[in-house]
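Beneath this line is the structure, given in structure tokens, with notes to follow.
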Amino acid sequence: MIGSKSLKNRATDLVLAVFLTLLATVMLYPMLYEVFVSFSEAGELVKSRGILLHPLGFTLDAYKIVFGIRDILTGYANTLFVMVFGLAVNLLMTSLGAYFLSRKADRVKLQKPIMLLILFTMYFSGGLVPSWLTVRNLGLYDTRWALILPTAVNTYNMILLTSYFRSIPESLEESVRMDGGGHFTILFRIVLPLSKPAMAVMFLYYGVSHWNSWFNAMIYLRDNSLYPLQLILRNILVEGSALNTNSFSVSAMNYEEMEKSVKAAMVVVSTIPFLLIYPFLQKYFRGGLMVGSLKE
């Protein structure tokens, strides 16, 4: 009887392992395909048909072309600016808002009405035109701050962080108050150090949002030198506005043959940096996945 159960468990584990392996392969292959194409020789790639399981030849010509485009490097610099300062603003403002909302209602005035006003923004917005007029009237139009300040706080993220803050024992805060500490001491010395998993989730949510964002830049920026990387890549990949023989030196290469490899290299260049960051945050991210299911 025990042996039959053990055999069933092993069979179930084997089926699950095969299924998850196939699922992981299906999800991972599109990225691997772009990597293989980006390192493939143009002539061999044109002749290829079907599934690509390895680079056809090996060349860095596509990456030389990509990094030879001045707009790409400028886009990287703009994206890093938005990432660094945007994340700083996001994490600070979201932490302050979540700390306020996580306090007991009898200690904070007007907490419930303010919470309702915050929740209101999740379902209703002013629309694109009022947002554009607000950005322009505040003097943010055609500046990189237009990509940071209007999105300083995401309501959903703040609610998640509020739930996590409420799970921290009040006894720790009471001990700080007894020693004469105020709200900033409690937040920066007690709450945030104990909220590393939740803050890692916020870092990834906001970071991915900034890294992938291109629509706000298209609306609020007029100067091409301020464009973030994703908007530049969108213009190249979708509109083909920069991917032509006059945009960079092709040096006797066949433009039509190189186009596919160059576009694949652009996809890899825009994706890999964040994939490299994730492993360093994974242990915190696992602990923060349940942040929204905490009992209040």
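Where a number appears in this text, it was derived from the coordinates with a stated rule and is not lab data. Note that the structure is predicted; figures quoted are calculated from it, not measured. Cβ sites come from the backbone with ideal geometry, for glycine too, and all protein chains shown count toward neighbours.
Please find the FRET efficiency linking Lys8 to His54, where r is the Cβ-Cβ separation and R0 is fixed at 41 Å, and quote it to the nearest 0.05.
After rounding to 0.05, the efficiency reads 0.60.
Pop the C-beta distance of Ser225 and Thr25 into the FRET formula with R0 = 45 Å and round what comes out to the nearest 0.05.
So, using R0 = 45 Å, E works out to roughly 0.65.
Quick one: check the C-alpha center-to-center distance for segment 34-50 versus segment 145-159, whole angstrom.
41
May I ask you to sort Leu87, Leu226, Leu117 by Cβ crowding, counting other Cβ atoms within 10 Å and putting the fewest first?
So the residues, fewest neighbours to most, are Leu117, Leu87, Leu226.
When the dipole is taken about the Cα centre of segment 34-160, and only Lys, Arg (+1) and Asp, Glu (-1) are charged at their Cβ, what size is it in debye, to the nearest 20?
Here segment 34-160 has a charge dipole of around 700 debye.
State to the nearest 20 debye the size of the charge dipole of segment 1-59 about its Cα centre, where the only charges are +1 on K and R beta carbons and -1 on D and E beta carbons.
420
Using +1 at the C-beta of Lys and Arg and -1 at the C-beta of Asp and Glu, which of Met27, Leu53, Asn9 has the Cα lying farthest in the positive direction of the dipole of segment 1-59?
Going by the charge dipole, the pick is Asn9.
Give me the number: length gained by fully extending Tyr156 to Met122, i.e. 0.36 nm times residue separation minus the C-alpha to C-alpha distance, one decimal in nm.
11.5 nm
Starting from segment 84-138, pick out the trypsin sites (Lys or Arg not before Pro) whose DSSP state is loop and whose Cβ has at most 14 other Cβ atoms within 10 Å.
Of the trypsin sites (Lys or Arg not before Pro), the ones in loops of segment 84-138 whose Cβ has at most 14 other Cβ atoms within 10 Å are Lys104, Arg107, Lys109.
If you take the square roots of the eigenvalues of the alpha-carbon gyration tensor of segment 1-118 and sort them as a ≥ b ≥ c, do you get rounded (a/c under 1.5), prolate (a/b over b/c) or oblate?
Oblate, because a/c is 1.5 or more while a/b does not exceed b/c.
Please work out how much length the chain gains when fully extended from His183 to Lys109, using 0.36 nm per residue of separation minus the C-alpha to C-alpha distance, in nm with one decimal.
That works out to 25.2 nm of additional length.
Please state the shape class of segment 14-76: rounded when a/c is under 1.5, otherwise prolate if a/b exceeds b/c and oblate if not, all from the C-alpha gyration tensor.
oblate
Fewest Cβ neighbours within 10 Å first, please rank Glu41, Glu170 accordingly.
Sorted ascending by nearby Cβ count, the order is Glu170, Glu41.
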